[in-house]
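Take a look at the structure below.
The values are calculated or read from the model by the stated rules, or taken from the named source; none is laboratory data. Fair warning: this is a prediction, and the values are worked out from it, not measured in the lab. Because the Cβ atoms are built from the backbone with ideal geometry, glycine has one as well, and the counts that use them run over all protein chains shown.
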Amino acid sequence: MVDSIYAKGAAQHVNPVPNAAVHRGILVTSGVLGKDPKTGEYAQETAEQIRLAFEQLPLILAEAGAGPQDVVKLDLYFADRQDRAIANHHWERLWPDPAHRPARQAHQVSLPRACRFPIGRNGRPLAFRKSKNHGVDPLCWPVLDPYSRRVG
């Protein structure tokens with residue numbers, strides 16, 4: 001059975017969607033949004049949405065017993081890919097050591113309403129395998145790639 005994660009201090013989705021879910025030791029996030037957790041509204045400025053999303057990611061991971069060091073890959077979704085420079089500041093704050101940073105892919109997409117930047121959206125989630133002896137281990141194989149419909 002799936003265990004839903006609703007992280008304290010993280011913005012919640014309008015739809016009935018948790019921040020993350022765990023099933024059989026695999027942790028998968030929903031979209032990590034640039035919303036103010038107190039108001040539930042998207043920040044007006046793109047830079048603030050990016051800051052909020054990167055600020056909330058560790059809260060969601062921690063609620064599930066993981067941390068930034070457990071992330072293998074992030075997909076960042078931008079309304080404008082030029083905003084990657086803004087994300088880089090927060091990226092380097094979470095992962096200061098270049099030898100231990102996760103993989104990353106940036107996508108320019110059409111986003112709904114006031115959303116300008118989510119992390120791990122559109123079926124490209126963060127995924128981990130929880131181990132009884134070692135906390136959370138990165139899940140490397142198999143992962144379903146929803147864009148190609150292949151496992152790998």
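Here are the numbers for this structure:
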item: Yes/no for ILE60 being under 15 Å from LYS8 (Cα atoms) and touching a Ser or Thr at 6+ places or on another chain (Cβ under 8 Å); result: yes
item: Where a residue in the stretch 42-60 is closer than 14 Å to TYR77 by Cβ and its partner, wherever it lies, is among the aromatic types (Phe, Trp, Tyr), with Cβ under 8 Å and at least six apart; result: THR46/PHE117; GLN49/TYR42; GLN49/PHE117; ILE50/PHE117; ALA53/PHE117; PHE54/TRP91
item: Residues being under 18 Å from GLY34 (Cα atoms) and not hydrophobic (A, V, I, L, M, F, W, C) - total across the stretch 47-67; result: 6
item: In the stretch 15-36, residue modelled with the highest pLDDT [restricted to those that are over 18 Å from PRO58 (Cβ atoms) and among the hydrophobic types (A, V, I, L, M, F, W, C)]; result: VAL17
item: Residue within the stretch 12-23 that is surrounded by fewer than 20 Cβ atoms within 10 Å (Cβ to Cβ), within 18 Å of CYS115 (Cβ to Cβ) and of a type in the set (S, T, N, Q) present; result: yes
item: Filtered residues of the stretch 69-101 (kept if surrounded by fewer than 18 Cβ atoms within 10 Å (Cβ to Cβ) and within 12 Å of the chain's Cα centre (by Cα)); result: VAL72, LYS73
